[in-house]
Amino acid sequence: MRLNKTFPLLLSLALLLGLGSAQAQNQVATPAISIIPKPQHLTPQSGHFTLNADTKVHVPAKNEELKSIADQLAQSIKTATGVQPQVVQKDPKKKARNIIQLSLTTAPDTLGKEGYTLEVTPEQIILAANQPNGLFIGSQTIQQLLPPQPTKAPVTIPAVSIADKPRYEWRGMHLDVTRHFMPVEFVKQYIDYLAMHKLNTFHWHLTDDQGWRIEIKKHPKLTEIGAWRDSTLIGHYWDLPQTYDDKRHGGFYTQEQIKDVVKYAQERYITVVPEIEMPGHVLAALATYPELACTEGPFKVEGKWGIFDDVFCAGNEQTFAFLEDVLVEVIALFPSEYIHIGGDEAPKTRWKVCPKCQKRIKDEGLKDEHELQSYFVQRMEKFLNSKGRQIIGWDEILEGGLAPNATVMSWRGEKGGIEAAKQKHNVIMTPGNYVYFDHYQGDRELEPVTIHGANPLSRVYAYNPTPAELSKEEQKYILGAQANVWTEYMPNPKHVEYMAFPRIAALSEVLWTPLHLKDWEDFKTRMQQQYQRYDAMGINYAKSAFQVKQQLQVVPERKAAKVTFTTDAAGTDIFYTLDGSEPTAQSQKYTGPFELTKAAVIKAGSFKDGKLIGQATTKVFDAHKGFNRKVTLAREPHRSFSPGTATLVNGLYGTTDHYDGHWLGYLKNDLEAVIDLEQVQSISRISSSYVQHIGYRVFLPKQIEYAVSEDGKNFKTVKVISNTGKEEGIMRKTVAAEFPATKARYVKVTARNVGIAPAQYPVAGRETWLLVDELSVE
């Protein structure tokens, strides 16, 4: 291979990769350079390279793999500039000009298989790597040096020297196509999205209770029956009563389509890891072959979400024969080292009473049903190992004993991953509280319905997949991480885009960029160009990062609230109102924290070029007569919801997220609170606020009593309000009582807990929560 005179500079840059330190990115102010994920070493240079109709892309002769990379790059350049450079298969002359050169090198080895060096000069662009993987990834960097919006040639690319490689080996995104089927065209587009963010693993969730999406030729009924359901749940799971759309939904991928997707991914150096769920989440399979269950059924392909008792029978040899048939065909379709076998959320209810399962436990000398699951997983692992493959499972596969060679995907926090790493097993981190992209990413009052939780852009960016409690040796078992996109509440590709973008950009930097180079403010700045790229590509990304986060902090000595606004986006101005009206670019501009001493309905929004981006957020500050007064409770709240009595009179209101820190709570017990107004005064209105989330056993009170007193001993009831019990679903409710003006110093609020969940609810018979927030007196 022939390299020109600039390669020594690239070599010296690349050698720095082994030293683990880089600060060059900030040496020169170059706003035109905005790369995500941030490279390890980036040094701006003088001048620029001009792309025009005569620019050519050079790759070594007789190397079709590199030519494919060059062709993709040339097509991307055409999209950005309107001009497609000619791809030339030959080594360039030393002083060749106006070329983009792609070359393989064997030095330095610190680049690894995915690292690359990139040198942009006024004469040429040189991209070098040890492996084609690195060249492809480097070509994504070149694309980010192009204008974010399509521009007619000639186009200039800033001169720069880059040496780069990833922090983690496994950089992934997951897509669930069972809850809602996604067309193959979108699956390919999704793979393109991974590639542009330098991710390298696509976890394809193909089977579940709600649908079987992969053609298995030996068992064709799996897609004839299991790929289709008769109806789908409308709204949120906890919207009660549950209703359905009565529309047939489904679909599946033929083996030819899967081969095409796998090939498409390979051309982008992305590994496709299929997931075939077992032993739980299998109702689509049981609806097709009920003989594989512990009971006779009948079963149906589920139209709602959740965890179901019916699983594969672990005592039935036919189950394992069936799964081996399936996996043989899966292996033939997917060349990936790993096959994901699920293993999560598999209730042991049926196994405990199944004669076949109990016989298996006895015959195998197992202790209990947890060890039976371990037996199940280990048996499948042994089969896959015999075919040259490895298994991955969700962290439940730790229960009952981990299979000898299994890799653990830790989703219930990091505990499972830490435990597996300590046992010297490979781990993929994917904790729900950081990288589940089906969680809310903004103000839930403004966001489309999704499952629960909150993972805004800033939280995703803050994630570090390597737990500090692991030793240096144990940390080696953390292969990387991925984000999961479960589609219960994502019925179509555009909704998937909304939930994945822009959080995928934060994920990419978490997994690529060294920890010491991560910088949240810098990332927000670089995202300004990334949003322009998303716009140019027609991606339906969420504007949630532009939502104004309103922080209100009580200032007791001044009986005020300090208001601070922030966003997860850079490059915007914040305008706000205090009367509940919609803000405009002519409203009050936010320049820093300010104080409120009077009641206000605050609405704030992010503006760019005079236009509101996304939606304005709303907060209420209630400077009522009881604000910041002493509150006495008849009984202490439960430790799980004990933010202090001040939360009841701080002028602030909780949200429908009952874990937002505003709610004071009781399990089964009632609330009795007395507010001391400090002096006798006239009052005519009392209100109290509650939240309901029946799925978490949080109910509105069954009765509320308001009473007043001048001496704190003799109370007079002014209103008793009974709850009809007909209000269902997730909600926040303020219950107010108005009455003729009355003299009082003390106000008593008594709210009676439902106590035990009524029979009509899924949580029937269990103790209920009563959660209360602001007690307002006027």
If I filter the stretch 96-114 for residues that are part of a loop (DSSP other than H, G, I, E, B), at pLDDT 95 or above, out of contact with any Asp or Glu (no Cβ under 6 Å at 6 or more places or on another chain) and not β-branched (Val, Ile, Thr), do I get at least one hit? yes
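Kindly indicate whether residue 241 is touching a residue at least 40 places away in the same chain (Cβ under 8 Å) and more than 15 Å from residue 271 (Cβ to Cβ).
On the way: touching a residue at least 40 places away in the same chain (Cβ under 8 Å): yes; more than 15 Å from residue 271 (Cβ to Cβ): yes.
For residue 241, the condition - touching a residue at least 40 places away in the same chain (Cβ under 8 Å) and more than 15 Å from residue 271 (Cβ to Cβ) - is met.
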Given the options 295, 243, 271, 288, name the one that is among the polar types (S, T, N, Q) and within 19 Å of residue 223 (Cα to Cα). 288
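Might you let me know whether the stretch 565-582 holds any residue that is of a type in the set (Gly, Ala, Ser) and touching a Gly at 6+ places or on another chain (Cβ under 7 Å)?
Here is the first cut: in the stretch 565-582, the ones of a type in the set (Gly, Ala, Ser) are 569-571, 580-581.
Those left that are additionally touching a Gly at 6+ places or on another chain (Cβ under 7 Å): none.
No; the residues of the stretch 565-582 include none that is of a type in the set (Gly, Ala, Ser) and touching a Gly at 6+ places or on another chain (Cβ under 7 Å).
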Tally of residues being in a strand (DSSP E or B) and either aliphatic (A, V, I, L, M) or surrounded by fewer than 16 Cβ atoms within 10 Å (Cβ to Cβ) (or both) across the stretch 696-709: 5
Return the total of residues in the stretch 539-587 being touching a helix residue (DSSP H, G or I) at 6+ places or on another chain (Cβ under 8 Å), at pLDDT 95 or above and not charged (D, E, K, R). 11
Specify the residue that is farthest from residue 475 (Cα to Cα); the eligible residues are those in the stretch 375-420 that are under 29 Å from the mean Cα position of the chain (by Cα) and among the polar types (S, T, N, Q). 390
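What are the residues in the stretch 523-544 that are free of Cβ contacts under 8 Å to residues at least 24 places away in the same chain and either assigned by TED's automatic domain parsing to the domain that holds residue 79 or part of a loop (DSSP other than H, G, I, E, B) (or both), if any? Walk me through it before giving the result.
Step one: of the stretch 523-544, the residues free of Cβ contacts under 8 Å to residues at least 24 places away in the same chain are 537-538.
Across the stretch 523-544, the qualifying residue is only 538.
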Leading residue by the ranking (nearest to residue 204 (Cα to Cα)) among those in the stretch 391-417 that are surrounded by 19 or more Cβ atoms within 10 Å (Cβ to Cβ) and out of contact with any strand residue (DSSP E or B) (no Cβ under 8 Å at 6 or more places or on another chain): 396
If residue 737 passes every condition in (1) outside any strand (DSSP E or B); (2) touching a Lys or Arg at 6+ places or on another chain (Cβ under 9 Å); (3) of a type in the set (Gly, Ala, Ser) but one, which one does it miss? (1)
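Filter the stretch 60-89 for residues that are more than 21 Å from residue 153 (Cβ to Cβ) and assigned to a strand (DSSP E or B) and give the result.
From the stretch 60-89, those more than 21 Å from residue 153 (Cβ to Cβ) are 60-69, 89; that's our starting set.
The one that is more than 21 Å from residue 153 (Cβ to Cβ) and assigned to a strand (DSSP E or B): 89.
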Need at least 1 residues that are assigned by TED's automatic domain parsing to the domain that holds residue 343 and surrounded by fewer than 20 Cβ atoms within 10 Å (Cβ to Cβ) per element, so show me which helices (runs of 4 or more DSSP H) inside the stretch 131-238 make the cut, counting only ones lying wholly within it. 184-196
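Looking only at the stretch 646-663, count every residue that is under 18 Å from residue 706 (Cα atoms) and not in a loop (DSSP other than H, G, I, E, B) and tell me the total. Outline the logic, then answer.
Of the stretch 646-663, the ones under 18 Å from residue 706 (Cα atoms) are 648-649.
Filter once more, keeping what is not in a loop (DSSP other than H, G, I, E, B): 648.
The qualifying residues number 1.
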With criteria (1) more than 22 Å from residue 235 (Cβ to Cβ); (2) surrounded by fewer than 18 Cβ atoms within 10 Å (Cβ to Cβ), residue 435 comes up short on (2)
Just one of 729, 712 is in a loop (DSSP other than H, G, I, E, B), modelled with pLDDT under 95 and small (Gly, Ala, Ser); which is it? 729
Residues satisfying the stated conditions in the stretch 377-390, i.e. of a type in the set (A, V, I, L, M) and surrounded by fewer than 23 Cβ atoms within 10 Å (Cβ to Cβ): 384
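Can we say residue 736 is surrounded by 13 or more Cβ atoms within 10 Å (Cβ to Cβ) and either in contact (Cβ under 8 Å) with a residue 60 or more places away in the chain or of a type outside the set (D, E, K, R) (or both)? Steps first, please.
Details: surrounded by 13 or more Cβ atoms within 10 Å (Cβ to Cβ): yes; either in contact (Cβ under 8 Å) with a residue 60 or more places away in the chain or of a type outside the set (D, E, K, R) (or both): yes.
In short, yes.
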Quick one: is residue 321 within 13 Å of residue 389 (Cβ to Cβ), of a type in the set (A, V, I, L, M) and free of Cβ contacts under 8 Å to residues at least 40 places away in the same chain? no
The condition from (1) over 12 Å from residue 430 (Cβ atoms); (2) at pLDDT 95 or above; (3) assigned to a loop (DSSP other than H, G, I, E, B) that residue 384 misses is numbered (3)
All strands (runs of 3 or more DSSP E) inside the stretch 402-484 with 1 or more residues being over 25 Å from residue 500 (Cβ atoms): none
Qualifying positions in the stretch 650-688 - among the aromatic types (Phe, Trp, Tyr) and under 19 Å from residue 621 (Cβ atoms): 653, 663
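The values are calculated or read from the model by the stated rules, or taken from the named source; none is laboratory data. The model shown is predicted, which means the values in this text are computed figures rather than measured ones. In this analysis, Cβ positions are derived from the backbone assuming ideal geometry, glycine residues included, and neighbour counts consider all displayed protein chains.
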